[in-house]
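Here is the structure we will look at, set down as structure tokens.
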Amino acid sequence: MRRIADRLVIAGVGLIGGSLAMALRARGAVGEVIGLGRSAENLRVARRRGIIDRAERDPERAARDADLVVVAVPVQTIAPVVSSLMRALPPTAVITDAGSVKSSVVAAVERILGDTAGRFCGSHPIAGTEHSGAVAAVPDLLEGRRCVLTPGPRTTAATRRRVHALWEAAGMRVEEMPAATHDRIFALVSHLPHVAAFALVNAVADVDQQGTRRALAYAAGGFKDWTRIAASSPEMWRDICLANREELLRAIDGFSAALERIRDAVGLGDAAAIAAELARAQVTRRRLGTAPPPPAVRLRARRGARRSRGR
Ligand code: NAD
């Protein structure tokens with residue numbers, strides 16, 4: 001595989017940054033990988049697991065001689081981290097991020113970069129789990145998944161090519177779209193479901209405190225499937241809510257209206273209206289097919305297959 005960077009800085013060696021580094025190293029696509037972080041313990045885990053070659057907590061030391069930087073920290077921290085790297089970063093180095101929100105993040109980074117904004121292209125790898133930190137990183141998290149790039153008008157063609165090559169080297173299918181389109185789509189299919197899962201867990205827990213038999217003790221497939229993502233990092237999701245505020249509010253309003261329609265039909269005992277709502281959702285959901293299993297499940301399935309082949 002062609003080398004995409006001699007010295008790669010991963011700022012935020014968590015689930016996404018760590019998994020990216022693992023995938024690139026496994027394919028021999030990078031030289032040295034420097035992990036920039038704020039938690040010494042997380043950086044120790046990253047070193048121990050062979051995710052990074054060198055750990056740094058000082059941005060200027062991390063940035064020196066780097067030729068590619070991926071900022072994979074919570075979205076409200078992306079621009080401040082870019083700012084902290086700028087003094088020492090060589091002028092030829094290309095910068096991207098992994099943030100789940102694009103318009104506000106891209107605008108903030110471009111403001112910091114000023115005349116040199118051509119070296120930045122926003123990215124959002126569409127892959128993840130509810131786990132976080134270097135401990136959760138796996139080499140095949142990004143494999144075969146989509147990565148959306150949101151180049152701005154100032155992003156140079158060379159930066160775009162470089163960032164395409166980065167995510168492709170990690171096994172991703174790369175496409176581009178305007179940042180505003182990205183934020184509208186992901187408010188609906190990612191940010192709303194997370195917020196709704198957090199709210200569902202809280203709604204049940206609130207009622208549960210009042211009863212003698214705890215309902216959560218009986219939570220089975222349906223509840224656990226829907227709320228798996230409510231175990232995600234509150235820090236990361238707080239930032240996403242704030243950074244994509246307008247689109248998320250629109251998505252929550254749409255969801256409230258859909259829930260209200262079902263509530264009204266149930267309240268009226270209107271069997272036809274209930275059935276119509278449920279049937280419309282069933283058809284749409286079935287067309288979507290099943291989601292690929294999260295990496296831990298894929299790993300167990302592969303081990304199982306190896307064991308049965310060995311028999
Ligand atoms: P994570 O919590 O696993 O990792 C984030 C890392 O950033 C942590 O190790 C944390 O210590 C570090 N960090 C925080 N502030 C820092 C700072 N100021 N300087 C240096 N390091 C700092 O989170 P993650 O899931 O890897 O998410 C990282 C980014 O990727 C976020 O912007 C998120 O929106 C995006 N993203 C997440 C997912 C997902 O499903 N988890 C999917 C796609 C994109």
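The values are calculated or read from the model by the stated rules, or taken from the named source; none is laboratory data. These numbers come from a predicted model, not from an experiment. Glycine also receives a Cβ, built like all others from the backbone with ideal geometry; neighbour counts cover every protein chain displayed. The accessibility values were calculated without ligands, DNA or RNA, using every heavy atom of the protein model including side chains. Shrake-Rupley method; radii C 1.70, N 1.55, O 1.52, S 1.80 Å.
In the set Arg184, Arg173, Arg154, Arg145, only one residue is within 14 Å of the ligand (Cβ to nearest atom) and over 25 Å from Gly37 (Cα atoms); that residue is Arg145.
Working only within the range 211-231, note down all residues that are part of a helix (DSSP H, G or I) and of a type outside the set (D, E, K, R). Lay out the reasoning, then the answer.
Residues of the range 211-231 that are part of a helix (DSSP H, G or I), as a first pass: 215-218, 221-231.
The answer is Ala215, Leu216, Ala217, Tyr218, Gly221, Gly222, Phe223, Trp226, Thr227, Ile229, Ala230, Ala231.
Only one entry of Glu175, Glu130 meets the criterion of being among the charged types (D, E, K, R) and more than 23 Å from Thr227 (Cα to Cα), and that entry is Glu175. Mind listing just one residue for me: the one in the range 16-34 that is open to solvent by 20 Å² or more (accessible area, probe 1.4 Å) and within 16 Å of the ligand (Cβ to nearest atom) and, of those, farthest from Ala134 (Cα to Cα)? Out of the qualifying residues, it is Met22. Going by the conditions given, is Glu60 more than 8 Å from the ligand (Cβ to nearest atom), more than 23 Å from Arg161 (Cβ to Cβ) and open to solvent by less than 30 Å² (accessible area, probe 1.4 Å)? It is false that Glu60 is more than 8 Å from the ligand (Cβ to nearest atom), more than 23 Å from Arg161 (Cβ to Cβ) and open to solvent by less than 30 Å² (accessible area, probe 1.4 Å).
Just to verify a result, which residue in the range 35-57, among those that are small (Gly, Ala, Ser) and under 21 Å from the mean Cα position of the chain (by Cα), is surrounded by the most Cβ atoms within 10 Å (Cβ to Cβ)?
From the range 35-57, those small (Gly, Ala, Ser) are 35, 37, 39-40, 46, 50, 55; that's our starting set.
With the extra rule that they be under 21 Å from the mean Cα position of the chain (by Cα), the set shrinks to 35, 37, 39, 46.
Details: Gly35: 26, Gly37: 25, Ser39: 14, Ala46: 28.
Among residues in the range 35-57 that are small (Gly, Ala, Ser) and under 21 Å from the mean Cα position of the chain (by Cα), the one surrounded by the most Cβ atoms within 10 Å (Cβ to Cβ) is Ala46.
Residue-level check: of (1) within 22 Å of Trp167 (Cβ to Cβ); (2) assigned to a helix (DSSP H, G or I); (3) open to solvent by less than 20 Å² (accessible area, probe 1.4 Å), Ser104 misses just (3). In the range 133-185, the qualifying residues are those that are part of a strand (DSSP E or B) and either open to solvent by 20 Å² or more (accessible area, probe 1.4 Å) or touching a Leu at 6+ places or on another chain (Cβ under 7 Å) (or both), and the one that is nearest to Thr116 (Cα to Cα) is Glu176.
Among what's in the range 232-257 and is within 19 Å of Leu200 (Cβ to Cβ) and outside any helix (DSSP H, G or I), pick the residue that is nearest to the ligand (Cβ to nearest atom).
Residues of the range 232-257 within 19 Å of Leu200 (Cβ to Cβ): 232-234, 236-238, 240-241, 248-249, 251-257.
Now narrow it down to the ones that are outside any helix (DSSP H, G or I): 232-233.
Details: Ser232: 7, Ser233: 5 Å.
The residue in question is Ser233.
Within the bounds of the range 148-164, is there any residue that is basic (Lys, Arg) and free of Cβ contacts under 8 Å to residues at least 12 places away in the same chain? Looking for residues that are basic (Lys, Arg) and free of Cβ contacts under 8 Å to residues at least 12 places away in the same chain, one finds at least one in the range 148-164, hence yes.
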